[in-house]
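See structure below.
The values are calculated or read from the model by the stated rules, or taken from the named source; none is laboratory data. Note that the coordinates shown come from a computational prediction; the quantities given were computed from them, not determined experimentally. Cβ placement follows ideal geometry from the backbone for every residue including glycine, while neighbour counts extend to all protein chains displayed. The protein model used for the area step is the full one, side chains on, heavy atoms only, and it has no ligands, DNA or RNA in it. Shrake-Rupley method; radii C 1.70, N 1.55, O 1.52, S 1.80 Å.
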Amino acid sequence: MKCICEYLEEDRKKWGELPYISVKKNGGFVSRTFGEVIGDVQALARALVSEGVCGNVMLYSPNSYDWAVADLAVMGYVGVCVPIDSEWTAFDILNTLSVIEINTVLYEKSKRGVINELRGQHPEIRFLCIDESFPELLEKGKTIDTPLCGKTDMGETAMILFTSGTTNRPKAIPLTQTNLLHNWDALYARTPMTESDISYIFLPLNHVYAGVANFLYTIISGMRIYLCSDRSKMLEEMLEVRPTVVCTVPLILKRIYDSADENIVEMLRNIRFLYCGGSFTDPKVKKYFIDNNVQLLEAYGTTETSSVIALAKPGDKNIECNGVILDGLDVRIIDPDPDGVGEIIVSGGSVSSGYISRNDNYSDFDSEGFYHTGDLGCIDGDGRLFLRGRKKRVIITANGKNIYADELEALILKNPEIRAAAVFEENFHPAVRIYTDLSETDARKYIEKVNENLPKFKRIKNVYVKSEAFGGRLK
């Protein structure tokens with residue numbers, strides 16, 4: 001295992017002239033070579049260091065070429081990358097700032113309104129607009145002759161991810177380069193990706209699933225990347241690009257299933273490894289693709305474990321299985337019931353050391369280094385993992401009453417227009433994040449109706465409405 005800066009130097013020598021990252025511009029994809037991308041990464045890193053950028057650097061932007069360059073520059077040379085959801089509000093970001101200190105925020109200009117809300121409350125933070133600052137910074141970096149020092153301590157934090165922005169106790173997850181790169185050998189052994197592969201990326205890169213498996217690992221594999229320009233054009237662009245490696249989630253897979261025709265299925269057959277994670281995959285959808293000779297591989301993992309814990313083996317047509325445990329991880333089932341179903345816990349090189357600033361009874365990491373996922377499942381003799389739901393999550397109110405989040409979620413999901421719901425504690429009361437195409441007004445009215453049928457202490461106090469269910473947990 002090498003560090004990120006060493007991989008980049010190696011890439012320049014091996015694949016410098018090969019195309020690496022392609023983005024849509026003026027109706028067509030424009031490509032930059034490995035050499036050009038690495039040159040931009042190092043130029044940006046030099047410029048940021050010369051500007052005094054260091055420590056924790058927040059990346060607040062949708063997927064873009066600039067995002068990819070900034071991610072590698074910060075982790076490889078500058079400090080710690082803190083990528084956040086591009087849909088976060090000022091409230092979300094302020095909440096995370098109560099947990100960690102941020103030196104600099106790199107943001108896209110469409111987020112200027114949120115950034116203006118933050119400036120007055122955090123004058124100590126430097127705010128740099130990617131769209132406006134990067135051209136100048138890249139030019140500046142190319143004129144700096146000072147040697148660039150890479151981040152070579154593999155045990156030092158390289159990335160901090162948040163599983164939630166709006167809860168009153170944000171979970172900040174530190175990941176080292178060792179954590180982030182640990183699973184590569186096991187993943188390659190099962191699905192050998194190479195410089196001959198083409199990846200099409202449409203999932204948010206701020207999540208560990210796409211950010212690690214779909215992007216970071218390309219500096220090891222040499223795989224070419226195409227960035228989706230618009231999710232409404234996803235299938236159109238996939239037919240154009242003809243990718244061989246794709247990471248998706250069940251929600252998107254279902255949309256592909258609903259739109260599938262002969263051309264789409266033929267294109268999908270061209271994909272060597274079609275990974276699907278994020279939540280349970282509908283067995284009917286899974287069976288359809290597998291029966292049509294599409295190499296669909298279900299994946300299971302979490303942010304706390306740097307993404308993948310289990311991944312289906314190519315050719316395995318067991319549609320009930322949610323993946324096979326990766327080599328190099330110690331995965332156990334604790335407190336199993338008579339059917340062998342219990343909580344899944346994980347230890348190994350990819351597992352975080354634990355949450356930052358959370359010395360309370362909410363910690364999911366034990367003294368032996370195991371992360372307790374909160375997911376229920378069982379494992380067969382061949383290492384196949386079968387998920388069986390979540391442990392009940394209990395919200396304890398200020399007066400000691402218990403509220404079971406799963407029960408509230410089930411009630412909310414009776415409305416078929418609610419795609420997903422996540423109930424969590426906020427100031428000792430239940431709050432909910434819902435994913436729906438309903439307008440925010442209609443969504444809030446629906447929650448008001450739900451509350452009418454609940455005891456006062458169980459009523460949902462705050463509602464957060466989102467239009468896409470790409471959540472942070474890969475499971």
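Structure above, values below:
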| quantity | calculated |
| --- | --- |
| Residue-averaged [θ]222 nm for the chain, counting only DSSP H segments that reach four residues, each worth -39500 (n - 2.57) | -8500 deg cm²/dmol |
| Virtual spin-label span in nm between Glu240 and Arg444, 7 Å along Cα→Cβ | 3.9 |
| Debye intensity ratio in log₁₀ form over the Cα atoms of region 275-345, taken at each q of 0.27, 0.29 Å⁻¹ | -1.23, -1.30 |
| Highest-first arrangement of 405-416, 324-335, where packing means the average Cβ count within 10 Å | 324-335, 405-416 |
| For region 185-259: rounded, prolate or oblate by the Cα gyration tensor [a/c cutoff 1.5] | prolate |
| Largest to smallest accessible area among Lys391, Lys449 [probe 1.4 Å] | Lys449, Lys391 |
| Cross-link table Lys25/Lys111; Lys24/Lys111; Lys2/Lys317, entries beyond 28 Å C-alpha to C-alpha | Lys2/Lys317 |
| Highest average packing first - 299-309, 343-353, 95-105, Cβ atoms within 10 Å | 299-309, 343-353, 95-105 |
| Carbon plus sulfur fraction of accessible area for the chain, probe 1.4 Å, in percent | 47 |
| Distance between region 8-62 and region 83-113 - C-alpha centres, whole angstrom | 22 |
| Anisotropy class of region 18-87 from Cα gyration tensor, a/c 1.5 cut | oblate |
| Under 12 Å from the Cα of Lys287 - aspartates and glutamates, other chains or at least 8 residues apart | Glu298, Asp316, Glu320 |
| DSSP-defined antiparallel bridges as percent of all bridges, the chain, nearest 5 | 60 |
| Equivalent ellipsoid, the chain (semi-axes from 5 times Cα gyration tensor eigenvalues, Å) | 33, 28, 23 |
| Neighbour net charge for Ile220 - beta-carbon separation under 10 angstrom, K R +1, D E -1 | -2 |
| Dipole magnitude of the chain about its Cα centre (Cβ charges: Lys, Arg +1; Asp, Glu -1), debye to nearest 20 | 860 |
| Average accessible area per residue (Å²) across the chain - probe 1.4 Å, nucleic acids and ligands excluded | 42 |
| Centroid-to-centroid separation of region 237-295 and region 311-344 [C-alpha atoms, Å] | 23 |
| Prolate/oblate/rounded label for region 137-209 (Cα gyration tensor, a/c 1.5) | oblate |
| Convex hull projection area averaged over all views, region 69-169, Cα basis, nm² | 7.5 |
| Distance (nanometres) between label positions extended 7 Å along Cα→Cβ at Leu454 and Asp382 | 4.3 |
| Within straight-line cross-link reach of Lys171, aspartates and glutamates at Cα separation under 15 Å, skipping those fewer than 8 residues along the same chain | Asp85, Asp92, Glu101, Glu304, Asp360, Asp364, Glu425, Glu426 |
